[in-house]
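The values are calculated or read from the model by the stated rules, or taken from the named source; none is laboratory data. Every value quoted in this text rests on a predicted model; they were computed, and no experiment measured them. Calculation scope for accessible area: heavy atoms of the full protein, side chains included, ligands and nucleic acids excluded. Shrake-Rupley method; radii C 1.70, N 1.55, O 1.52, S 1.80 Å.
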Amino acid sequence: MVFFLILLSGAITLIVIGAVVDGMLHLLSTGVLLLVVAVLYLPVRSMLRSRRGRPTAF
């Protein structure tokens, strides 16, 4: 959960800086990409945790 919060705060920071400072469109796009990665991280993490709890069929 800490990793998600770090990704989320970094993404928000980059988005704000990229939107406010003129000529920093690359920071805005990097922040949006990081935000997408942070949002996709949660479902992947929950899927991996749910699989780990189930016994295997072997």
Over the chain, give the accessible area per residue in Å² for a 1.4 Å probe, as an integer.
81
With the full set of protein chains in place, find how many percent of the accessible area of the chain is carbon and sulfur; take the probe as 1.4 Å.
75
Using θ = phi - 60° and the Karplus curve 6.51 cos²θ - 1.76 cosθ + 1.60, what whole-Hz ³J(HN,Hα) does each residue of segment 28-39 get, with Gly and Pro shown as x?
5, 5, 5, x, 5, 5, 5, 5, 5, 5, 5, 6
Both in Å, the radius of gyration and Dmax of the C-alpha trace of the chain are 16.2, 59
Could you check which residue among L48, L40, L27 shows the biggest mean-square fluctuation in a GNM of the chain with a 10 Å Cα cutoff?
L48
